[in-house]
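Below is one structure, written out as C-alpha cells; comments come after it.
Values quoted throughout were computed directly from the atomic coordinates according to the rules given, and no laboratory measurement underlies them. Small disclaimer: the values here were computed from a predicted structure and weren't measured. As a convention, Cβ positions derive from the backbone with ideal geometry for all residues, glycine included, and neighbour counts pool all protein chains shown.
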Amino acid sequence: MEKFYPNYYKKFKCIANLCPDSCCQGWDIVVDKKSESFYNSVSGSFGDKLREVTFTDEDGDRIFAREGKNCPFWNKDELCDIYINLGEEHLCETCGKFPRITMDYTSFTEYTLSLACPEAARLILGEDFIIPEKNYSIDNVEYNSEDMEKLLSKRQRAYEIITEKNLGFKERLKKLFKYFGGDIPDKDTVFAIHERMDFINPEYSEVIKNASAFPQSDDFDEIYTRMAVYYLYRYFLNAIDDMDTLGAVKKIYFAYVITASIAKSEENPDIIRIIQNYSKEVEHSCDNSETLELFF
Ligand code: SF4
C-alpha cells in the first residue's frame, strides 16, 4: 500500500508543559479497550485512580471523567501522570496518536497532523506544503476507483487555484467556488451558524460575536493559503462517499471568514493561534463540525 507523509509530519514532537493549549484541556479522552484492560491490571493507588475516573458516557464510549475542564491525569506541572507512571507506550490510543491523523483510502494512505495542536499548527502553517500529484494505484477498493481518480485530479486543480501567486487569497477562493460551480455563502450566514455553536471555551462565543463586525484581514494571505491547503488535503477525498466536492471548499471558506475576521478585530493578532483555536473549537468538535456538515 502506498503511503504519503507531508514534510511537517515527521518533524512533530509534543512540547508537553510548554504547550500553550494542551490537548489535555477541555476534551474528553476516549479510552480504547486494550488500554482499559491494561489499566485494570495496574495495582496500587495509581491503578485505583485509573479505574475510579473511567466511566461510560452517553455515546457508550469509555472516557476519563474530567477534573474541571481537564484530563484528571494532567498534573500541576502540566505533564501527564500516565506517561510518568506507566510510560509512553501505555498512553491510550487517543493520547498516543494525537495530533497524528491517518486518512486511509484502502489502497493508499495519507497522513497529516491536526491543526488543533499548537505545535502542529506552527509546523503546518509555518511552511508551504505541496499536495503531491500522486498517481496512486487504486485497486481492491469498495468505492468506485474512477471516482477516486477524478477526485485526485480535481484536488490537484483546487490546489493549483488556491496557491496561485498572482491573486489575493479572497480572489483565489472565489475562483475555487467558480471552478466547483458553487455559490459563496454570505458573511452573515457564516457568523449566524457559528453563533449557534457550543464551545469548550465559553468566551469563544464572544470572540466570534465581536469579530462579526469586522471585515476579513488581508494581512495573512500566505498563512490562509497554507490553512486552505491543509483543509484540501485533509478533507477533499472524503467526497468519495457522495462526490460533493464543495464540502472541503466550504470548510476553507468558513474557517477563513471567521479566523480572518477575528484577526482584524484584534490589535496584535497571533494568526497561528487564531487558526489553531478555530480548529480545536470547530473542526475538532464533533457537534460543531456536524452543524457545519448539515448546513453544507
Ligand atoms: S496539544 Fe500538541 S503539543 Fe500540546 S500537549 Fe497536546 S500533543 Fe503536545
Could you calculate the contour length gain from Tyr111 to Lys33, that is, 0.36 nm times the residue separation minus the distance between their Cα atoms, to one decimal place in nm?
25.7 nm
Relative contact order for the chain using alpha-carbon pairs under 8 Å, separation at least 6, rounded to a whole percent?
18 percent
Once you list every other residue whose beta carbon is under 14 Å from the beta carbon of Phe12, what net charge do they have if Lys and Arg are +1 and Asp and Glu are -1?
+4
What are the trypsin sites (Lys or Arg not before Pro) within the stretch 64-102 that DSSP puts in a loop, where the Cβ has at most 12 other Cβ atoms within 10 Å?
Lys69, Lys76
Roughly how far apart, in whole Å, are the Cα centres of the stretch 241-274 and the stretch 102-141?
19 Å
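For the pairs Lys69/Lys251; Lys34/Lys76; Lys209/Lys280; Lys150/Lys178; Lys174/Lys209, flag any whose C-alpha to C-alpha distance is greater than 21 Å.
Working: Lys69/Lys251 27 Å; Lys34/Lys76 28 Å; Lys209/Lys280 18 Å; Lys150/Lys178 18 Å; Lys174/Lys209 25 Å.
Over 21 Å apart, Cα to Cα: Lys69/Lys251; Lys34/Lys76; Lys174/Lys209.
Return the calculated 222 nm mean residue ellipticity for the chain, to the nearest 500 deg cm²/dmol, obtained by summing -39500 (n - 2.57) across DSSP H runs with n ≥ 4 and dividing by the residue count.
After summing the helix terms and dividing by residue count, I get -14000 deg cm²/dmol.
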Give the span of the stretch 1-152's Cα atoms along each principal axis, as three whole-Å numbers ordered largest to smallest.
55, 35, 26
Plugging the Kirkwood radius over Cα pairs into Stokes-Einstein for the chain, at a temperature of 37 °C and a viscosity of 0.692 mPa s, what D comes out in µm²/s?
159 µm²/s
The extension gain from Asn268 to Lys134, computed as 0.36 nm times the residue separation minus the Cα-Cα distance, is 44.3 nm
Length-normalised contact order of the stretch 151-214, Cα under 8 Å, at least 6 apart, in percent, tallies to 19 percent
Would you please calculate the Kirkwood hydrodynamic radius of the stretch 24-97 over all C-alpha pairs and express it in Å, rounded to one decimal?
12.4 Å
Rounded to one decimal in Å, the inverse mean reciprocal Cα-Cα distance for the stretch 129-295, i.e. its Kirkwood radius, is 16.7 Å
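When the Kirkwood hydrodynamic radius is evaluated over all pairs of different C-alpha atoms of the stretch 213-296, what value in angstrom, to one decimal, is obtained?
Result for the stretch 213-296 stands at 13.3 Å.
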Scoring the stretch 208-296 by relative contact order with C-alpha pairs under 8 Å, at least six apart, yields a percentage of 36 percent
Are there cysteines in the chain with no other Cys C-beta under 4.7 Å, and if so, which?
Cys14, Cys19, Cys23, Cys80, Cys92, Cys95, Cys117, Cys286
Please identify every one of the trypsin sites (Lys or Arg not before Pro) in the stretch 172-206 that sits in a loop by DSSP and has no more than 12 other beta carbons within 10 Å of its own beta carbon.
Arg196
Taking 0.36 nm per residue of separation between Glu222 and Asp77 and subtracting their Cα-Cα distance, the length gained on full extension comes to 48.6 nm
Name the most mobile residue of Ile124, Ile15, Ile184, meaning the one with the largest mean-square fluctuation, in a Gaussian network model of the chain with Cα contacts below 10 Å.
Ile15
